[in-house]
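Trainee: Quick one: the structure is below, and I'll ask about it shortly.
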Amino acid sequence: MEHDIKTLTSRLATPGQDIDCVRLDIANLMTKGLSEIRNTLGYWEKAHYRLAIQNLRKNMWLLNRESTTYLGACLLCIENAHIPVHYRSRTFLTKDIQIDALSWQDLMTRINNARKEAGSQG
C-alpha cells in the first residue's frame, strides 16, 4: 500500500500527467486497500476512507480539472487509514454515528460510484 501511495503521489507531482487516469488509479487503490482490511474494518479506517472518497469526489467537480490538491489529500487519508493501531492518536477522531454505521459494502459502493463518475468525465 505504501509503495502504491508513493507512486501516485509522485505522479501527481509530475507535470503532464493524465489526471483523469490518476483519479481512476486512486479509486482502484481505495478498492485494494479496503479489500485488505475488510475483516478488521473499524471506526478509524471508516473515517479515513470516507474522507478519501469525499476528497476524490471534490476533485472531480472542480472547475480547474488539473488541480491535484484534493487528490493529494485523498492519498493522505488512504495512508492514514492504514496506520498501525499502536501509532494512532486516541483523541484525533470524535465518534460520529454516521461513520460508525458505515459498512465495508457502503464504502465500496461509494468508491465504485466515484470511479464511474471519474470514468465518465475523462
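Trainee: State yes or no: is N80 part of a helix (DSSP H, G or I), among the polar types (S, T, N, Q) and open to solvent by less than 50 Å² (accessible area, probe 1.4 Å)?
Mentor: Taking the combined requirement at face value, the residue satisfies it.
Trainee: A follow-up question, please. What residue, of E36, E45, is out of contact with any Phe, Trp or Tyr (no Cβ under 6 Å at 6 or more places or on another chain), open to solvent by 60 Å² or more (accessible area, probe 1.4 Å) and in contact (Cβ under 8 Å) with a residue 12 or more places away in the chain?
Mentor: From the options E36, E45, the qualifying one is E36.
Trainee: Which pairs turn up if I take residues in segment 53-64 that are part of a helix (DSSP H, G or I) and look for partners that are open to solvent by less than 50 Å² (accessible area, probe 1.4 Å) and among the polar types (S, T, N, Q) with beta carbon separation below 9 Å, at least 6 apart in sequence or on another chain?
Mentor: Correct list of pairs: N59/S67; N59/T68; M60/Q121.
Trainee: Now a separate question. Mind listing whichever residues of segment 86-102 are part of a loop (DSSP other than H, G, I, E, B) and free of Cβ contacts under 8 Å to residues at least 40 places away in the same chain?
Mentor: S89, R90, T91, F92, T94, A101
Trainee: Here's another thing I want to ask about it. What tally of residues in segment 14-33 results from selecting those that are without any contact (Cβ under 8 Å) to a residue 40 or more places away in the chain and among the small types (G, A, S)?
Mentor: Total meeting the criteria: 1.
Trainee: Only one residue in L62, L75, L71, L56 is surrounded by fewer than 18 Cβ atoms within 10 Å (Cβ to Cβ), of a type in the set (A, V, I, L, M, F, W, C) and under 22 Å from R11 (Cβ atoms). Which one?
Mentor: Every option except L62 fails the conditions.
The values are calculated or read from the model by the stated rules, or taken from the named source; none is laboratory data. These figures come from a predicted structure and were not determined experimentally. Counting neighbours? That spans all protein chains shown, and the Cβs are built from the backbone with ideal geometry, glycine included. To get the accessible areas, we keep the full protein, side chains included, count just its heavy atoms, and leave off ligands, DNA and RNA. Shrake-Rupley method; radii C 1.70, N 1.55, O 1.52, S 1.80 Å.
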